[in-house]
Amino acid sequence: MKPIGPLMWEHRLIEQIIPLIRNECIRLEAGNPPNILFIETSADFFRTYADRTHHGKEEDILFKALNKKNLSPEHESIMKELIGEHETARTTVKELLKAKEAYLRNESSSLDTILQSLDRLSELYPGHIEKEDKKFFYPAMEYFSNEEQEKMLDEFYAFDRSMIHEKYNDIINRMGGKPIKFP
Ligand SMILES: [Fe+2]
Ligand SMILES: [Fe+2]
């Protein structure tokens, strides 16, 4: 399997959250109060899965390796756009969580930010994923030999293995416990 295989499977899971977010937007637009559990669960999905696990492999492994290649101006420009979109997604999730906290403090103006953030995430990801799937991933693989692709796939798997420990180390840390460094 090519290293873009797991990335594309991850896209299929990330896509699943989009209609759920759109439903929450429709509920909010109809004047219903925000579903706090939904917001917190979605933010965790975006932070831990879409950003840390998925964008993490793209940025820390694939894009880093591409930076060492002589990229065409077109591919270089798409890669910059993709990194910019990752950054927008990160900022938007932060804004969503901040607005959720403000809402819990009874600051009703935060409702607009909650709706805007959810709306932006539901707009951003489908286009971002389509760009990677259709315009970037396959040509990106052309820069690597079979051996390099196999090595990248192994790096992806190693990266994924560390994610569950990172997540729960973070939880222990936030609960006041001492995180453990795994060998
Ligand atoms: Fe991406
Ligand atoms: Fe992606």
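Details
- Set 92, 88, 53, 41: member being within 12 Å of ligand 1 (Cβ to nearest atom) and free of Cβ contacts under 8 Å to residues at least 60 places away in the same chain: 88
- Among residues of the stretch 116-159, those that are under 14 Å from residue 54 (Cβ atoms), within 14 Å of the chain's Cα centre (by Cα) and not aliphatic (A, V, I, L, M), counted: 3
- Some residue of the stretch 77-94 being part of a helix (DSSP H, G or I), of a type outside the set (S, T, N, Q), more than 16 Å from ligand 2 (Cβ to nearest atom) and under 15 Å from the mean Cα position of the chain (by Cα): yes
- Of 136, 156, all but one fail to be part of a helix (DSSP H, G or I), within 15 Å of ligand 1 (Cβ to nearest atom), touching a Pro at 6+ places or on another chain (Cβ under 9 Å) and farther than 26 Å from residue 34 by Cα; the exception is 156.
- For the stretch 139-149, the set of residues classified as acidic (Asp, Glu) and part of a helix (DSSP H, G or I) consists of 147, 148, listed by residue number.
- When 103, 125 are checked against the criterion of being away from ligand 1 (no atom under 14 Å from the Cβ), modelled with pLDDT of 95 or more, closer than 17 Å to residue 24 by Cβ and part of a helix (DSSP H, G or I), a single residue qualifies: 103.
- Flag for residue 138 being surrounded by fewer than 17 Cβ atoms within 10 Å (Cβ to Cβ), touching a residue at least 12 places away in the same chain (Cβ under 8 Å) and closer than 17 Å to residue 6 by Cα: yes
- Helices (runs of 4 or more DSSP H) within the stretch 1-72 that include 3 or more residues of a type in the set (Asp, Glu) and either within 11 Å of ligand 2 (Cβ to nearest atom) or farther than 26 Å from residue 159 by Cβ (or both): 4-29
- Scan of the stretch 126-183 for residues that are closer than 23 Å to residue 78 by Cβ and of a type in the set (S, T, N, Q), ordered by number: 145, 149
- Residues of the stretch 141-183 satisfying the condition of being surrounded by 15 or more Cβ atoms within 10 Å (Cβ to Cβ) and of a type in the set (A, V, I, L, M, F, W, C): 141, 144, 152, 153, 156, 159, 163
The values are calculated or read from the model by the stated rules, or taken from the named source; none is laboratory data. Keep in mind it's a predicted model, so treat the numbers as computed, not measured. Here Cβ is always computed from backbone atoms with ideal geometry, including for glycine, and neighbour counts include all displayed protein chains.
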